[in-house]
Amino acid sequence: MERIARGAGGTRWYLLPDPRDLNSLAGNLSPGSRVSFYFDGRLALREYDDTVTSEILEIVKVDGEAVIATPRTEHIEMEVEFIASEDELRDFAAVLPRGASVVYGRFPADDDDGVRAVTLDLPDRDGIVRPHPH
């Protein structure tokens, strides 16, 4: 996930199924952004079904919202929605093709333990890493 520098909370979400996709990712990232990689399953990738629906609604019940995204087959960037109710989830699911996969979970922290998650701040265009509101 990319938290865009001075982006008023804006994010871009990516799915990298192959390490070679890092080259594509590098070309998409904005200078000064904070980028997090998650390796621990906190965001699940599964075919959308009733179990996924139940898990998402449980997250909404506890956290107030859940993240759900649809991977694009032609690109690493995902279409992301923030679901806060059963009605919103129903509307989201209504346009999914049969057998579609989704990425979903709680909004992830930008933690960095070097194993389960890695987060780094990218340099600005001039090559200097500066603190930015993300």
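Where a number appears in this text, it was derived from the coordinates with a stated rule and is not lab data. On a predicted model such as this, the values are computed, not experimentally measured, just so you know. Here Cβ is always computed from backbone atoms with ideal geometry, including for glycine, and neighbour counts include all displayed protein chains.
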#### Entry: Cβ-based charge dipole, the chain, positive-most Cα from 68, 41, 31
31
### Query
the range 20-46 to the range 60-132: how many Å between their Cα centroids?
10 Å
### Query
Considering only 131, 53, 104, whose Cα is most displaced toward the positive end of the charge dipole of the chain, charges sitting on Cβ of Lys, Arg (+1) and Asp, Glu (-1)?
131
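Give, as a single signed number, the net charge of other residues whose beta carbon lies under 9 Å from the beta carbon of residue 36, with Lys and Arg counted +1 and Asp and Glu -1. Display every interim value, and only then the final one.
Details: positive: 3, 34; negative: 2, 110, 111, 112.
Summing Lys/Arg as +1 and Asp/Glu as -1 gives -2.
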### Task
Apply the Karplus parameterisation 6.51 cos²θ - 1.76 cosθ + 1.60, with θ equal to phi minus 60°, to every residue of the range 55-70 and state each ³J(HN,Hα) to the nearest whole Hz, in sequence, with x for glycine and proline.
5, 5, 5, 5, 4, 4, 4, 7, 9, x, 6, 9, 9, 9, 9, 10
### Query
Treating the beta-carbon of each Lys and Arg as +1 and of each Asp and Glu as -1, no other charges, what is the dipole magnitude of the range 84-134 about its Cα centre, to the nearest 20 debye?
240 debye
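Of all chymotrypsin sites (Phe, Trp or Tyr not before Pro) in the range 5-50, which ones are in loop regions per DSSP and have a Cβ with at most 15 other Cβ atoms within 10 Å?
Values: sites: 13, 14, 37, 38, 39, 48; in loops: 13, 39, 48.
Within the range 5-50, the qualifying chymotrypsin sites (Phe, Trp or Tyr not before Pro) (loop, at most 15 other Cβ atoms within 10 Å) are 39.
If you place +1 on the Cβ of every Lys and Arg, -1 on the Cβ of every Asp and Glu, and leave all else neutral, what size is the dipole of the chain about its Cα centre, to the nearest 20 Debye?
The dipole magnitude comes to about 420 debye.
Per DSSP H run of n ≥ 4, the term is -39500 (n - 2.57); total these for the chain, divide by its residue number, and report the mean residue ellipticity at 222 nm rounded to 500 deg cm²/dmol.
Values: 3 runs with 30 residues, N = 134.
The per-residue figure over the chain is -6500 deg cm²/dmol.
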### Task
Consider the candidate values (1) 8.9; (2) 13.0; (3) 10.7; state which one is mean projected area of the Cα convex hull in nm² computed from the structure displayed.
(1)
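How large is the Kirkwood hydrodynamic radius of the range 43-107, counting all unique pairs of alpha carbons, in Å?
The Cα-based Kirkwood calculation yields 11.7 Å.
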### Query
So which trypsin sites (Lys or Arg not before Pro) in the range 34-134 are both in a DSSP loop and have at most 11 other Cβ atoms within 10 Å of their Cβ?
98, 125
### Task
Quick one: which residues, 5+ away or cross-chain, put their amide H under 5 Å from the amide H of residue 78? H built at 1.01 Å from N.
13, 14, 15
